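Here the structure comes first, spelled out in structure tokens, and everything after it is commentary.
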Amino acid sequence: MTGEEPTPNPSLQGGEHDLRDSVTSKSSVEATRAVTAFSSGKGDGGLGGIETVRPNIRAMAGYVPGEQLNDPDIIKLNTNESPYPPSPRVFDALRAALTSNSLRKYPQPFGDTFRNAAGRVLNVDPDSILIGNGSDDILTILTRAFVPEGGLIASPAPSYILYKSLAEIQGARFHAIPFTHDWRTDRDSWPRGASLSFVPNPNSPTGTVLDPIDVLRLSKRVSPNPLVVDEAYADFAEPPGYVPLVADWDNLIVTRTFSKSYALAGIRFGFAVARPELVRELLKVKDSYNCDVLSLAAATAAIEDQDYFREVRTKIIATRARMTRELAALGFEVTPSHANFVWCRRADKPLKPIYEELKRQKILVRYMNYPVGPIGSPPGAYDGLRMSVGTDAEIDRLLEELRGIV
Ligand SMILES: Cc1ncc(COP(=O)(O)O)c(C=O)c1O
């Protein structure tokens, strides 16, 4: 409260009474204007003032997603999309779903057709699958379900920046635990009381995977609170992840996305695998229809086409190996990657100008700058270039430009 009286709007001297008269006697456009003038006449303390937004939201900077430029000529290696098209079966499924009946009606709230298909492919109980509008939606649902206001979210650092934003939105605290110099996580520095722990595996931006012993120790340390293994990139890793362990580890939740290995970032679809009792609770938290009929059809067709999936994965892993070798030959320190991107640094040249020059040449990679690096890295910011694995032709162009720059 400022203690100041709102300034009356001269055109509405009679206050709410006159407002009602003018609204009922005018066209809808004029009525809307009258209401707007009335509310703005009340000054900053009026309806819907910014001060009514929760303080934690006003204080936060907000997650900034990677650049999505509208230039068809750009080689886009900044947000780890697949460089290859989705399975041809996805297009058939989308065409089949484009009927007036399926568009007219609500989609399946729990995505049962998808859950059955994914259950068969992953060899898990369909009731242990929770569908999401991208895996970010799943991460939001988990935060809303497990983290009370004032609770604690923990994740390793440097890592996926969204985890911190989720804590801020929830009004929770956030604790980043630096990786060790060899990309392990030190269980003893992990806060025992964390309401929710996010561990991306493979990690972004480094593409590294944790030793399974560390993951097991971590799950025991935070138990009974959940350990979420974010497997957005697990399809590019060996061994391929923790889904088979969910049935045996009480507090393990695994999240997956269709944005990377299934080439469906534009359609927005992800899922979690957790014990069915937990999924039943999480279903109460999600939006009733969080996945639309088209994303459900596309994701079901994509996961059913495992031959195509394996073919694309093999190509991406082969290009990653070549990219790693050739970037190293150009003087970059390249962290061995288990994902569809590589993390590159170099001590002899600043990295941001390299990103900027590549962008001028219409090649978009991601320049990342973190407040904390792994233990043992020089104090201060820790930066690098994260480059997605493209087609072989795209990577040839990238390497050619880099030869001219470095
Ligand atoms: C580690 C990690 N988790 C989750 C996501 C979110 O993926 P999506 O919401 O597209 O499924 C990303 C996206 O880049 C990511 O890097």
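Listing for the model above:
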{"quantity": "Tally, over the range 391-406, of residues that are touching a residue at least 40 places away in the same chain (Cβ under 8 Å) and within 18 Å of residue 318 (Cβ to Cβ)", "calculated": "7"}
{"quantity": "Positions within the range 84-143 being of a type in the set (Phe, Trp, Tyr) and over 27 Å from residue 230 (Cβ atoms), in sequence order", "calculated": "91, 106"}
{"quantity": "Inter-residue pairs, beta-carbon under 8 Å, first outside the structural domain of residue 235 (by TED's automatic domain parsing) and in the range 337-348, second of a type outside the set (Val, Ile, Thr) and modelled with pLDDT under 95, 6+ apart", "calculated": "338/238"}
{"quantity": "Subset of the range 142-164 [in a helix (DSSP H, G or I), under 20 Å from residue 206 (Cβ atoms) and either more than 15 Å from the ligand (Cβ to nearest atom) or among the hydroxyl-bearing types (Ser, Thr, Tyr) (or both)]", "calculated": "163"}
{"quantity": "Any chance residue 205 is within 12 Å of the ligand (Cβ to nearest atom) and outside the structural domain of residue 374 (by TED's automatic domain parsing)", "calculated": "yes"}
{"quantity": "Test: residue 367 is among the aromatic types (Phe, Trp, Tyr), assigned by TED's automatic domain parsing to the domain that holds residue 123 and surrounded by fewer than 21 Cβ atoms within 10 Å (Cβ to Cβ)", "calculated": "no"}
{"quantity": "Subset tally (residues that are out of contact with any Gly (no Cβ under 8 Å at 6 or more places or on another chain) and more than 10 Å from the ligand (Cβ to nearest atom)) for the range 248-261", "calculated": "7"}
{"quantity": "Residue in the range 225-247 that is of a type in the set (Ser, Thr, Tyr) and either within 16 Å of the ligand (Cβ to nearest atom) or at pLDDT below 95 (or both) present", "calculated": "yes"}
{"quantity": "Unmet criterion (only one of (1) of a type in the set (Ser, Thr, Tyr); (2) more than 16 Å from the ligand (Cβ to nearest atom); (3) assigned to a loop (DSSP other than H, G, I, E, B)) for residue 219", "calculated": "(3)"}
{"quantity": "Of all residues making up the range 263-276, the number that are within 10 Å of the ligand (Cβ to nearest atom) and either outside the structural domain of residue 200 (by TED's automatic domain parsing) or part of a loop (DSSP other than H, G, I, E, B) (or both)", "calculated": "6"}
{"quantity": "Matching residues in the range 137-153 - criterion: being in contact (Cβ under 8 Å) with a residue 40 or more places away in the chain and more than 18 Å from residue 272 (Cβ to Cβ)", "calculated": "148, 151, 152"}
{"quantity": "Residue within the range 107-127 that is aliphatic (A, V, I, L, M), surrounded by 20 or more Cβ atoms within 10 Å (Cβ to Cβ) and closer than 25 Å to residue 165 by Cβ present", "calculated": "no"}
{"quantity": "So residue 182, is it assigned by TED's automatic domain parsing to the domain that holds residue 283, more than 16 Å from the ligand (Cβ to nearest atom), acidic (Asp, Glu) and assigned to a helix (DSSP H, G or I)", "calculated": "no"}
{"quantity": "Residue ID - nearest to residue 332 (Cα to Cα), chosen from residues in the range 351-384 that are out of contact with any Ser or Thr (no Cβ under 8 Å at 6 or more places or on another chain), part of a strand (DSSP E or B) and in contact (Cβ under 8 Å) with a residue 60 or more places away in the chain", "calculated": "384"}
{"quantity": "Complete set of residues in the range 385-405 that are part of a helix (DSSP H, G or I), over 18 Å from residue 349 (Cβ atoms) and touching a strand residue (DSSP E or B) at 6+ places or on another chain (Cβ under 7 Å)", "calculated": "394, 397"}
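The values are calculated or read from the model by the stated rules, or taken from the named source; none is laboratory data. Here the structure is a predicted model, which is why all the values come from computation and not from measurement. Cβ coordinates were reconstructed from backbone atoms using ideal geometry, including for glycine residues, and neighbour counts include every protein chain displayed.
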